Amino acid sequence: MIGAIAGDIIGSVYEWDNIKTTEFPLFGKDCRFTDDTVLTVAIADSILTGTEYAVKLKQYYRRYPNAGYGGSFRNWGESEEFKPYNSWGNGSAMRVSPVGFAFDTIDKVLEEAKKSAQVTHNHPEGIKGAQAVASAVFLAKNGTDKAGIRNYVTRKFGYNLTEPLEQIRTYYKFDVSCQGSVPQAITAFLESTNYEDAVRKAVSLGGDSDTIACITGGIAQAYYKEIPNFITAKVTELLDDDLNRVVSEFSKKYIGWRLLAS
């Protein structure tokens with residue numbers, strides 16, 4: 001899942017200052033981890049410890065209250081209630097990559113992705129977005145080629161993954177919905193040649209750049225099986241000790257040390 005976190009950090013400075021090219025400094029001076037990273041780590045921690053997803057999401061929100069959450073999630077995180085708020089936003093999709101890495105069958109991945117989403121995003125589109133991303137990670141991790149991933153996601157979830165990025169880039173703008181960002185993020189992965197290229201392509205679309213790159217980055221890590229050293233080193237530098245500990249433990253258990261030191 002460090003691929004998802006790196007995508008979030010790289011895209012963080014372009015969320016409100018979109019850049020429609022793949023040629024940009026990978027780590028700007030103001031890049032940082034955002035809510036995408038915090039909640040991805042929360043899901044990973046939940047899997048590691050067997051804690052309910054909602055409990056960990058609230059815990060992490062309260063540890064990192066200034067990471068840039070949406071208003072609905074902030075209200076949920078601050079409340080003592082656990083009732084979901086019927087969101088179709090891309091928050092369910094950006095935090096789900098650990099599910100695709102951790103579970104051993106596609107059916108289990110779909111089940112856990114739904115569970116991780118519906119504690120907040122119980123709208124059908126919010127659940128679908130999480131399931132699509134988690135299944136893409138699972139298939140990529142297990143050696144399915146890009147055509148197979150495209151075909152599965154299209155058939156299962158009905159997303160259009162045929163429109164080329166070059167065309168999407170001309171009109172794409174900020175869209176926080178799953179249906180308006182998950183297909184674009186998956187397409188960025190499908191058109192990529194390696195991990196770095198995938199994240200660059202995701203950011204180049206514009207829109208909700210950190211979240212799109214977070215989604216793309218998780219799938220790209222699973223598929224390419226390696227991330228450049230300088231990227232993993234920068235991520236480790238920017239995360240605090242608690243976040244790094246969970247990332248390391250999760251990666252050791254479910255992914256392998258090679259991805260942290262490739």
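The values are calculated or read from the model by the stated rules, or taken from the named source; none is laboratory data. Everything numeric here is computed off the predicted structure, so don't read it as measured data. As a convention, Cβ positions derive from the backbone with ideal geometry for all residues, glycine included, and neighbour counts pool all protein chains shown.
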For THR154, indicate whether it is over 25 Å from VAL38 (Cβ atoms) and without any contact (Cβ under 8 Å) to a residue 12 or more places away in the chain. yes
Matching residues in segment 76-122 - criterion: being of a type in the set (Gly, Ala, Ser) and buried (at least 22 other Cβ atoms within 10 Å of the Cβ): SER87, GLY89, GLY91, SER92, ALA93, SER97, GLY100, ALA102, ALA113, SER116, ALA117
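Being surrounded by fewer than 24 Cβ atoms within 10 Å (Cβ to Cβ) and either under 19 Å from SER209 (Cα atoms) or modelled with pLDDT of 95 or more (or both) narrows it down to one of PHE189, PHE174, so name that one.
Answer to the selection: PHE174.
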Identify the residue in segment 238-258 that is assigned to a loop (DSSP other than H, G, I, E, B) and at pLDDT 95 or above and, among all such residues, is surrounded by the most Cβ atoms within 10 Å (Cβ to Cβ). LEU239
When segment 56-69 is examined, which residues are found to be out of contact with any Asp or Glu (no Cβ under 6 Å at 6 or more places or on another chain) and surrounded by 15 or more Cβ atoms within 10 Å (Cβ to Cβ)? LEU57, LYS58, GLN59, TYR60, TYR61, TYR64
Restricting to segment 1-45, name every residue that is surrounded by fewer than 24 Cβ atoms within 10 Å (Cβ to Cβ), of a type in the set (Ser, Thr, Tyr) and closer than 21 Å to SER248 by Cα. THR34
Scanning for something over 17 Å from ASP8 (Cα atoms) and assigned to a helix (DSSP H, G or I), does segment 60-69 turn up at least one residue? yes
